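Beneath this line is the structure, given in structure tokens, with notes to follow.
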Amino acid sequence: MRLNPWVCARRIPKSSVLPPICLLGAPRARWSSTEARQWSTPLAKSLAEAITTTGPISVASYMRQCLTSPDGGYYTTRVAEGQDQFGRKGDFITSPEISQVFGELIGIWVVAEWMAQGRKRDGVYLMEVGPGRGTLMDDMLRTIRNFKSMASSIESVYLVEASPHLRAAQHKLLCGSAPLTEIENGYQSTSKYSDQLKIIWYEDIKFVPQDPTKTPFIIAHEFFDALPIHIFQSVSPITGTSSIVTSSSAPPPPKGHLSKPNQWREMLVSPVSPHKIVTPTGTYDKKRGSDGKGEKVEFELTLSKGQTPHSLYLPTLSERYKALLPNPGSIIEISPESLNHVSDFAIRIGGADPSSKPSSQPALSSSPPIPSGAALLLDYNASPTPTTIPANTLRGIRSHKPCSPFSSPGRVDLSADVDFVALAEAAIKASPGVEVWGPVEQGAWLGGMGGGERVAKLMGGGSRKEGGEESEEGEERRKRIEGGWKRLIDRGPQGMGRLYKVMAVVPHLPTSEKGGKRAPVGFGGDVEV
């Protein structure tokens with residue numbers, strides 16, 4: 001989910017999210033193959049046909065198809081059709097597009113972590129997952145090159161990007177006229193800032209080399225909120241006979257009878273029956289055939305009739321989920337892909353958990369490498385208490401406006417709140433060599449990184465007339481810089497500074513002098529320059 005150029009596009013009213021609870025028990029949609037039906041997109045038609053044949057699909061499968069399907073996915077085909085998702089003319093605008101200061105401060109954070117970890121002379125690499133148009137990485141590299149020792153230590157920049165069209169945009173921005181050559185499982189070019197710095201693209205993080213002797217600095221900005229989620233609801237299983245007891249003084253169950261515990265049931269996606277029209281609020285509007293705003297909602301959430309493989313496994317991963325099971329109606333969202341990615345980050349930084357390796361696997365060395373590197377995660381979570389498990393947060397955005405996630409598949413950006421606590425648990429579980437800091441609000445983090453001072457310096461560099469008076473061009477530049485910064489740190493109810501959170505995964509290296517942890521810069525720590 002991204003941002004409106006004037007207001008935070010995450011200002012999603014509850015009416016724009018389809019509440020699972022209102023659709024419980026909705027039957028699976030079936031209709032005759034000869035029945036004519038007009039679908040909003042080719043992807044909507046193919047999804048409906050597949051579901052009609054095989055049955056309802058998980059929300060994760062629906063999201064994955066809508067966003068990355070080669071046959072009409074949002075990120076894989078829209079750019080090819082000349083429809084850029086980013087910027088004022090697209091569907092959303094991201095923080096790096098709002099102000100260069102955002103990417104500069106992330107670059108400074110990487111430099112600060114490199115300094116705090118001993119200023120390694122070589123073996124360093126940068127990695128960004130979901131790099132968009134490359135704006136953030138460009139601002140980072142431009143900043144890092146001012147620190148020559150660190151810049152010379154970076155061997156490669158890895159960009160994990162599935163869209164060939166976005167990869168082309170990133171190559172143009174980051175590499176200029178340098179040729180793009182195909183390599184095994186990916187592509188490679190050289191940075192416009194240094195012909196010694198390799199820029200390498202892979203479609204999947206599994207292709208990025210995982211060398212324990214290297215030092216990775218990993219950036220994930222507005223990446224996790226777009227990864228597919230599974231939605232589960234706690235329900236009481238149907239027990240006993242089918243008779244209905246209407247008396248408030250029903251007889252007690254037979255002696256020795258034990259009530260069955262609640263179960264997690266998965267929320268699934270089905271096409272709306274052609275005989276009814278569902279709006280984003282779960283109500284039906286047969287006259288309009290839409291939500292009253294011209295929005296045609298073609299799919300809906302239904303509750304699985306029984307337990308699914310995902311409902312049997314995913315809710316057992318955390319005690320936080322288990323604690324909600326006894327409460328019927330409790331809803332949780334889990335993103336296994338997010339957990340896998342942050343686990344990968346943690347292993348790259350701190351090494352794998354030795355207890356998780358097969359005993360027959362020989363150790364690589366008698367003394368494993370010292371944990372090094374860091375990961376910075378910046379993403380969306382509207383909850384005032386980040387420890388809350390996300391529920392009912394799946395949403396859509398199109399042309400900077402909220403819309404139903406079940407309308408126009410492939411033409412709407414989908415996202416959900418990020419569960420930072422789940423990410424932290426997964427990172428620590430994956431590697432004993434890491435620790436997690438945050439999440440903290442983006443506004444506080446940017447301020448703690450010295451963003452205000454950087455903005456003041458930029459504003460003071462405007463052009464002036466001969467008499468010292470500020471020119472119209474300089475005044476406009478100053479207003480643009482100041483306005484962009486205020487948007488990034490706005491802590492109002494719908495401000496980016498509050499809704500976006502920042503979390504860091506760093507090496508677990510207790511200091512010998514204090515016997516405690518070293519707080520990273522931006523999370524209460526500092527570094528000697």
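The values are calculated or read from the model by the stated rules, or taken from the named source; none is laboratory data. Owing to the predicted nature of the structure, the values given are computational and were not obtained by experimental measurement. Here the Cβ is made from the backbone with ideal geometry for all residues, glycine too, and neighbour counts use every protein chain on show. Accessible surface is based on the protein model in full, side chains and every heavy atom, while ligands, DNA and RNA are left aside. Shrake-Rupley method; radii C 1.70, N 1.55, O 1.52, S 1.80 Å.
I'd like the FRET efficiency for LYS260 and LYS172, computed as 1/(1 + (r/R0)^6) with the beta carbon distance as r and R0 of 41 Å, rounded to 0.05.
According to the calculation, E is roughly 0.10.
Quote the FRET efficiency, to the nearest 0.05, computed for SER273 versus TYR193 with a Förster distance R0 of 56 Å and r equal to the Cβ-Cβ distance.
So, using R0 = 56 Å, E works out to roughly 0.50.
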_For the stretch 164-180 and the stretch 405-452, distance of Cα centres in Å_ = 27 Å
*asked:* For a Förster distance of 41 Å, can you work out the FRET efficiency between the beta-carbons of ILE370 and SER399, rounded to the nearest 0.05?
replied: 0.25
*Per residue, how big is the convex hull around the C-alpha atoms of the stretch 63-220? Give it to me in cubic angstrom, could you?*
121 Å³
*Assuming a viscosity of 1.002 mPa s and a temperature of 20 °C, what translational diffusion coefficient in µm² per second does Stokes-Einstein assign to the stretch 301-452, Rh being the Kirkwood radius over Cα pairs?*
116 µm²/s
_Net charge of neighbours whose Cβ lies under 10 Å from the Cβ of ALA116, counting Lys and Arg as +1 and Asp and Glu as -1_ = -1
*What is the distance, in nm, between label points placed 7 Å from the Cα along the Cα-to-Cβ direction at GLU203 and at GLU184?*
1.7 nm
*Quick one: net charge of ARG167's neighbours, Cβ under 12 Å, K/R +1, D/E -1?*
-1
_Per residue accessible area in Å² of the stretch 138-232, where ligands, DNA and RNA are left out and the probe is 1.4 Å_ = 43 Å²
